[in-house]
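Worksheet: one structure, shown below.
The values are calculated or read from the model by the stated rules, or taken from the named source; none is laboratory data. Quick caveat: nothing in here was measured; it's all calculated off a predicted structure. Because the Cβ atoms are built from the backbone with ideal geometry, glycine has one as well, and the counts that use them run over all protein chains shown. When the accessible area is computed, the model is the full protein with side chains, heavy atoms only, and any ligands, DNA or RNA have been set aside. Shrake-Rupley method; radii C 1.70, N 1.55, O 1.52, S 1.80 Å.
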Amino acid sequence: MADSNKVAIVTGANGGLGTAMCKALSDQGRRVVGAYFPPEEEQAKKWQAAMGDAGYQVTIMPVDVSDFDSCGALVERVEQEIGPVEILVNNAGITRDAVIKKMGKHQWDAVLRTNLDSIFNMTKQVFEKMCERGFGRIVNISSLNGQKGQFGQANYSAAKAGVHGFTMAAAQEGARKGVTVNTISPGYIGTEMVMAVPEEVRAKIVGQIPVGRLGRPEEIARTVAFLADDDAGFITGANFSVNGGQYMH
Ligand code: CAA
């Protein structure tokens, strides 16, 4: 069990998965900073209030994870106002689905920047200091579709596959310093992102899930909390599939 009030940053905090992650980490006693995309400030404030009503005191701060300097500014602010960052959950991500024939360069770039560059942009701000202090937990959220590829998601599948490559390299660099780096690859979870997939396509996908249903955000969040635990120091460089059995490897 976690035994401390370490500071945790969750990016994409006000999304479906992020909300559950912030709750799970708060339940562990972590001081949670929920980072939101700057244009979503109004939603983020409402989200923070709703979290408060539910008994969760989460600090919110803006960050554009695709922008290196914005990530630097976030981490500096967290360190000054709250404390050293010991847990980082790189959760923010977007889809811009299209078959390659119809995919524009802007759709490719947006997904690669937000889903893959972001992992470096955020990790770079905290990694060295985690190593110096001798403790860190980094959890990168990839996807089932980074493991198996997905029709209409060349951009997303490429970025998400890259996430785990980054994890494995960073895990080796952090291993002797008490810093673990792991990937979680969620399958189809009942979030807005998945509900945006056309209904008939989604129905077919659900039909391919052995467990027979979409996942729940809490089922990803509990894996995050497990990997962020103080006692999880022997798990590093791993990729946790949480997908209802949709892809076994
Ligand atoms: N395999 C093979 N062929 C397929 C296919 C598949 N999985 N899906 C569609 N096709 C075929 C269609 O049958 C159709 O064939 P014809 O032209 O011969 O009729 C052709 O491909 C075009 O299909 P669409 O009409 O669907 O094409 P579109 O351009 O309207 O839409 C799409 C393409 C946007 C990619 C749409 O298919 C789609 O939204 N697919 C779902 C993609 C998906 O799963 N996204 C996941 C989002 S959630 C997420 O990413 C979270 C996570 O991490 C898991």
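Brief remarks follow.
- Each Lys and Arg adds +1 at its Cβ and each Asp and Glu adds -1 at its Cβ; summed about the Cα centre, the chain shows a dipole of about 700 debye.
- Each of VAL163, GLY134, ALA203 was placed along the dipole of the chain (beta-carbon charges, centred on the mean Cα), and the one lying farthest toward the positive end is ALA203.
- The modelled label-to-label distance for the pair ALA175/LYS105, using points 7 Å beyond Cα in the direction of Cβ, is 4.0 nm.
- For region 29-36, Karplus couplings with θ = phi - 60° (6.51, -1.76, 1.60), whole Hz, Gly/Pro x: x, 6, 8, 9, 9, x, 9, 10
- Selected from GLN80, GLN57, GLN172 as most flexible by GNM, with the chain as the system and alpha-carbon contacts under 10 Å: GLN80
- If you run the Gaussian network model on the chain, springs between alpha carbon atoms under 10 Å, then out of ILE138, ILE60, ILE205 the most flexible one is ILE205.
- Local net charge near VAL33, Cβ-Cβ under 12 Å (Lys/Arg +1, Asp/Glu -1): +1
- With Cα atoms, 0 to 90° folded angle of helix 217-228 axis to the chain main axis: 40
- The Cα atoms of region 1-83 cover 34, 25, 20 Å along the three principal axes, with the biggest extent listed first.
- Gaussian network model of the chain, springs between alpha carbon atoms under 10 Å - residue of GLY190, GLY18, GLY34 with greatest fluctuation: GLY190
- Compared with the dominant Cα axis of the chain, that is its longest principal axis, helix 16-27 is turned about 30°.
- The residues GLU219, GLU42, sorted by heavy-atom accessible surface at 1.4 Å with ligands and nucleic acids left out, run GLU42, GLU219 from largest to smallest.
- Extent of the chain along its three principal axes (Cα atoms, max minus min coordinate, largest first): 47, 40, 36 Å.
- Angle between the chain longest axis and helix 41-53 axis [Cα atoms, degrees, rounded to 10]: 70
- In order along region 154-161, phi translates into HN-Hα couplings of 4, 5, 5, 5, 5, 5, 6, 5 Hz, rounded to whole numbers, per the Karplus curve 6.51 cos²θ - 1.76 cosθ + 1.60 with θ = phi - 60° and x for Gly and Pro.
- Separation between Cα centres of region 175-249 and region 103-141, rounded to whole Å: 18
- Separation in nanometres of the label points that stand 7 Å from Cα toward Cβ, at ASP69 and ALA54: 3.5
- Residue pairs exceeding 30 angstrom between C-alpha atoms, taken from LYS101/LYS124; LYS102/LYS148; LYS129/LYS160; LYS124/LYS204: LYS101/LYS124; LYS124/LYS204.
- Taking the 1.4 Å solvent-accessible surface of region 18-104 as the whole, the part contributed by carbon and sulfur is 48%.
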